[in-house]
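Undergrad: Let me give you the structure first, and then I'll get to my questions.
Bear in mind that the values in this text are calculations on the coordinates, not laboratory data. Since the model is a prediction, treat every value here as computed from it, not as a measurement. Note that each Cβ is placed from the backbone with ideal geometry, even for glycine, and that neighbours are counted across all protein chains shown.
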Amino acid sequence: MTDTGTYVYAVGRNIPADRLAGVEGMSDTPVRTIAHRDLIAVVSTVDLAEFGEAALRENLEDIHWLETTARRHHAVVRRVNESTTAIAPFRLVTIYRSDDAARDRMEELYDELAVVLDRVDGRGEWSVKVYQRAPDGPGPKATTSAGGAGAGVAYLERRRAELREREAAVAHQELLSDELFWDLVPGAAATRRLVTQDQRLSGRSEPMTLNAAFLVDQGRTTEFLRLVDDARSKYTSLAIEVDGPWPPYSFAVLDQT
Amino acid sequence: MTLTQSTELSTEPSLVDLLDRLLGKGVVISGDVVISLADVDLVRIQLSAVIQSIRSSS
């Protein structure tokens, strides 16, 4: 018999089992539920040859494995999210030795999970990413002065001034992004700022100046999006990307490390 | 102006956006992922190699 573990996708309340019929988790194994008090964990069985500690060390460094796993995790969490109002998604690859071990953990985390589920109940996560808009066209052309004795010095001074201006511009856009964040706060029940994505990761030519998550009451979504639109008109030098509702990933954090 | 046309996440999010959330603390260049295994075992795994591959595949 192969060694197996219990992979936990999310814990929630009032998850009707029939809503998860046909949902497949890791390695196309059907998901099932584990009930403990009023909590329900959505789990599936995984082979420890692939999901055990040693295998994970290698697999997590394999981008294709990571992507497949992340997308499957997200697909399951999304289905659970559609079936109920209160879920706490678990971090990628949270695996227990057995269902009993998962249940023990639910008991151990019960109070924290209850707080998280109360917080996210009936709310969705909205992502707001802000980029510094690329200036229209190429910047002011550096006038090419005719050569001569002072030309080299003048060039260096011009370059220095340009660099100073650029730095000041970046600092200014960061300040504006911060203001923008605070303009949106009244529309949300909770907020979290994520690390801005490095340009090499975002693949954008403009730097990201804000990466924020907003937990928004379902009934207040329109109001929140209106605040985003107001911000679009107000901060014309910034490009705002909003998407959601996501399952409340950023607001279900149980950090105990 | 009409209300924001928000993408209802009908399209698949990018891997970076996904990992931003699934790893719990954002994707940081050369950060760690904390994996909870077994009961309380925590294994720290270097994410740098992953990030490298994201970078080179884009």
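Undergrad: Putting +1 on Lys and Arg Cβ atoms and -1 on Asp and Glu Cβ atoms, find which of A:A102, A:L60, A:I40 reaches farthest to the positive end of the dipole of the range A:4-121.
TA: Looking along the dipole axis, the top candidate is A:I40.
Undergrad: Calculate for chain A the 222 nm mean residue ellipticity that helices alone would give, adding -39,500 (n - 2.57) per DSSP H run of length 4 or more and normalising by residue count, nearest 500 deg cm²/dmol.
TA: -13000 deg cm²/dmol
Undergrad: Counting pairs of Cα atoms in the range A:4-121, how many percent are more than 22 Å apart?
TA: So the pairs more than 22 Å apart make up 30 percent of the total in the range A:4-121.
Undergrad: Another question about this same structure. What number does chain A give for Rg over Rh if you use C-alpha atoms and the Kirkwood radius?
TA: Using Cα coordinates only, the ratio equals 1.13.
Undergrad: Projecting each Cα onto the charge dipole of chain A (Lys/Arg +1, Asp/Glu -1 at the beta carbon, about the Cα centre), which of A:A10, A:A213, A:V77 comes out farthest on the positive side?
TA: A:A213
Undergrad: Tell me, what HN-Hα J-couplings in whole Hz come from the Karplus equation 6.51 cos²θ - 1.76 cosθ + 1.60 at θ = phi - 60° for each residue of the range A:236-249, using x for Gly and Pro?
TA: 6, 7, 10, 9, 10, 10, 10, 8, x, x, 8, x, x, 3
Undergrad: Roughly speaking, what % of Cα-Cα pairs in the range A:124-251 are separated by over 22 Å, rounded to a whole number?
TA: That tail contains 47 percent of the Cα-Cα pairs.
Undergrad: For the range A:124-251, what relative contact order do you get, as a whole percent, if you take Cα pairs closer than 8 Å and at least 6 residues apart?
TA: After rounding, I find 51 percent.
Undergrad: OK, next. With contacts defined as alpha carbon pairs under 8 Å and 6 or more residues apart, what's the relative contact order of the range A:4-121 in percent?
TA: 38 percent
Undergrad: Can you tell me how much longer the chain between A:R164 and A:T236 gets when fully stretched, taken as 0.36 nm per residue apart minus their C-alpha distance, in nm with one decimal?
TA: The span from A:R164 to A:T236 would gain 23.7 nm if fully extended.
Undergrad: Which longest uninterrupted range of chain A lacks any trypsin sites (Lys or Arg not before Pro) assigned by DSSP to a loop state (not H, G, I, E or B) and surrounded by at most 12 other Cβ atoms within 10 Å?
TA: Value returned for the longest uninterrupted segment is A:142-257.
Undergrad: At R0 = 35 Å, how high is the FRET efficiency between A:L175 and A:R200 if r is their beta carbon distance? Nearest 0.05 is fine.
TA: Using R0 = 35 Å, I get an efficiency of 0.90.
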